[in-house]
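Here's the structure we're looking at; comments come further down.
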Amino acid sequence: MQKQLYCNFCNEIIDGKAVKAGDKYWHESHFTCSVCSITLKDSKVFTKDGRLYCDEDYRIKFVPRCSTCSGFIIKKVIKAMNQSFHPEHFYCYKCQKLFSEENSFLEYHDRAYCKECFVEVACQKCSGCYRPIVDKAIKANDNFWHASCLRCVKCSTTFEGQKAYYNIDENPVCGSCLGAFL
Ligand SMILES: [Zn+2]
Ligand SMILES: [Zn+2]
Ligand SMILES: [Zn+2]
Ligand SMILES: [Zn+2]
Ligand SMILES: [Zn+2]
Ligand SMILES: [Zn+2]
């Protein structure tokens, strides 16, 4: 006596033709995509947890998409910042240099930057030379300065090494020149 086959979709006995996928069976009329219901008799079938999917719905549901190009990632996927990337599309947001073992990324506002660009976008900019301040910044008049860029407006001495500076009409002035402004 032949073994009874049950349809994985409706759980009824299959009298007529059964379609097999993996180790399960379906009525031919129930062999459809569990998302869009098109028949999968003559097309590529994907199964996951006992459900059937057409090519397209399987991709949409289970294949990660690249945050850069929005394409599906079939092979190697790079996961970073809760996003997925094609390895060839995981590059610096600013200069587009590819990341690798040697060129690791730094995150700033959900975007990945190489070290050089991270300094550009994330560090304080000096009010004197407009370049990023990587080491210690001096705050003066609500602006930030390199220690070597904040200078007395009169004698151009710097205020490195905790030298006192005075704020005269928004201009930095050193102790020795202070008298000239008072
Ligand atoms: Zn059925
Ligand atoms: Zn479908
Ligand atoms: Zn991509
Ligand atoms: Zn960069
Ligand atoms: Zn500077
Ligand atoms: Zn001075």
ask   = Out of (1) within 16 Å of ligand 4 (Cβ to nearest atom); (2) free of Cβ contacts under 8 Å to residues at least 12 places away in the same chain; (3) not small (G, A, S), the odd one out for F105 is which?
value = (2)
inquiry  = When you check C69 against the structure, is it modelled with pLDDT of 95 or more and either within 16 Å of ligand 1 (Cβ to nearest atom) or of a type in the set (S, T, N, Q) (or both), yes or no?
reply    = no
task = Could you grab me the full set of residues in the stretch 150-172 that are among the β-branched types (V, I, T), touching a residue at least 12 places away in the same chain (Cβ under 8 Å) and under 16 Å from S127 (Cβ atoms)?
result = V153
ask   = Listed residues S34, S67; which is under 30 Å from F99 (Cβ atoms) and surrounded by 15 or more Cβ atoms within 10 Å (Cβ to Cβ)?
value = S67
task = State whether one or more residues within the stretch 99-115 are within 16 Å of ligand 6 (Cβ to nearest atom), assigned to a loop (DSSP other than H, G, I, E, B) and among the small types (G, A, S).
result = no
Check on S156, loosely packed, with under 11 Cβ neighbours inside 10 Å, more than 41 Å from the chain's Cα centre (by Cα), away from ligand 2 (no atom under 16 Å from the Cβ) and outside the structural domain of Y108 (by TED's automatic domain parsing) = yes
inquiry  = Test of understanding: among E107, E170, which residue is more than 16 Å from ligand 5 (Cβ to nearest atom) and either of a type in the set (S, T, N, Q) or out of contact with any Phe, Trp or Tyr (no Cβ under 9 Å at 6 or more places or on another chain) (or both)?
reply    = E170
Output for the stretch 16-44, where each listed residue is closer than 15 Å to K3 by Cα and among the hydroxyl-bearing types (S, T, Y) = Y25
message = Which numbered condition in (1) in contact with a strand residue (DSSP E or B) (Cβ under 7 Å, 6 or more places away or on another chain); (2) in a loop (DSSP other than H, G, I, E, B); (3) within 16 Å of ligand 4 (Cβ to nearest atom) is the only one that C129 fails?
response = (3)
request  = Kindly check whether there is at least one residue in the stretch 46-63 that is within 16 Å of ligand 1 (Cβ to nearest atom) and modelled with pLDDT of 95 or more.
outcome  = yes
inquiry  = Every residue in the stretch 161-182 that is at pLDDT below 80 and among the polar types (S, T, N, Q), please.
reply    = Q162
query = Name the pairs whose Cβ atoms lie under 7 Å apart, with the first residue in the stretch 82-95 and more than 16 Å from ligand 5 (Cβ to nearest atom), the second among the β-branched types (V, I, T) and in a helix (DSSP H, G or I), and 6 or more positions between them or separate chains?
reply = K94/V121
query = Limited to the stretch 27-56, what total is found for residues that are away from ligand 2 (no atom under 15 Å from the Cβ) and not polar (S, T, N, Q)?
reply = 4
task = Among residues belonging to the stretch 74-106 that are under 24 Å from C117 (Cβ atoms) and among the β-branched types (V, I, T), point out the one that is nearest to the chain's Cα centre (by Cα).
result = I78
message = So G128 passes all but one of these: (1) small (G, A, S); (2) within 16 Å of ligand 6 (Cβ to nearest atom); (3) loosely packed, with under 12 Cβ neighbours inside 10 Å. Which condition number does it fail?
response = (3)
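The values are calculated or read from the model by the stated rules, or taken from the named source; none is laboratory data. Predicted model only: the values in this text are computed from it and were never measured. No Cβ is skipped: glycine too gets one built from the backbone with ideal geometry, and neighbour counts run over all protein chains shown.
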